[in-house]
Amino acid sequence: MQRVMTQFKPLKTPAGTQLSLGIKLAITAGKVRRFAVGLPKIQHMDVLAGRLLERMAAAEALLQRDELIVGQELTEELGDCLSITEWRTAVSGESFAVVQ
């Protein structure tokens, strides 16, 4: 996905503001709860809840544009398959690896 994003050139708005697309990727693993809520005849939604979503939000907050960050639990499982450039710590104290 990051490679594909490079083909999109920055755009200039009629007001002269320059806009460009970027991507941030956060990957972590764990359990999540899925709830189907609402009335099917009116509106039906899937709702996700759990600690995993909090961890995803913490990881996303640490990201810069065009970076990939991985939760510590995955770095332990993937080992040498990852090329880690640095570690970052969330406010919660959890560690995330920035991956090249």
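For the chain, state the average projected area of the convex hull of the C-alpha atoms over all orientations, rounded to one decimal in nm².
Directional mean of the projected Cα hull area for the chain stands at 10.2 nm².
Convex hull over the alpha-carbon atoms of region 1-54: what's its volume per residue in Å³?
In region 1-54, the Cα hull volume divided by residue count equals 180 Å³.
For LEU52 and SER92, compute 0.36 nm times the residue count separating them, minus their Cα-Cα distance, and round to one decimal in nm.
Once the chain is fully extended between LEU52 and SER92, it gains 13.1 nm.
Can you give the charge dipole size of region 7-100 about its Cα centre, rounded to the nearest 20 debye, using +1 on the beta carbon of Lys and Arg and -1 on the beta carbon of Asp and Glu?
Approximately 600 debye in magnitude.
Using the alpha-carbon centroid of each, what span in Å lies between region 1-63 and region 82-100?
Result: 19 Å between the Cα centres.
Residue separation times 0.36 nm, minus the C-alpha to C-alpha distance between GLN2 and GLN100: what's the value?
Additional length available on full extension: 34.2 nm.
Top mean-square fluctuation among ILE42, ILE27, ILE69, Gaussian network model of the chain, C-alpha springs under 10 Å?
ILE42
Before rounding to the nearest 500, sum -39500 (n - 2.57) across all DSSP H runs of length at least 4 in the chain and divide by the residue total; then give [θ] at 222 nm in deg cm²/dmol.
About -6000 deg cm²/dmol.
Taking the chain as a Gaussian network, where each spring joins two C-alpha atoms under 10 Å apart, which residue of GLN72, GLN43, GLN64 fluctuates the most?
Comparing GLN72, GLN43, GLN64 in the GNM, the peak value goes to GLN43.
Ignoring any ligand, DNA or RNA, what whole percent of the accessible area of the chain comes from carbon and sulfur when the probe is 1.4 angstrom?
56
Which one of LEU11, LEU21, LEU48 has the biggest mean-square fluctuation once the chain is modelled by GNM with Cα springs under 10 Å?
Judging by the Gaussian network model, the answer is LEU11.
At 1.4 Å probe size, with every protein chain present, just tell me what the per residue accessible area of region 19-100 comes to in Å².
For region 19-100, the per-residue accessible area is 71 Å².
How high is the relative contact order of the chain, given as a whole-number percent (alpha carbon pairs under 8 Å, six or more residues apart)?
Averaging sequence separation for qualifying contacts and normalising by length gives 24 percent for the chain.
The values are calculated or read from the model by the stated rules, or taken from the named source; none is laboratory data. Please read these numbers as outputs of a predicted model, since none were measured by experiment. All Cβ positions, even for glycine, are placed from backbone atoms using ideal geometry, and neighbour counts span all protein chains on display. These accessible areas exclude ligands, DNA and RNA; they are computed on the full protein's heavy atoms, side chains included. Shrake-Rupley method; radii C 1.70, N 1.55, O 1.52, S 1.80 Å.
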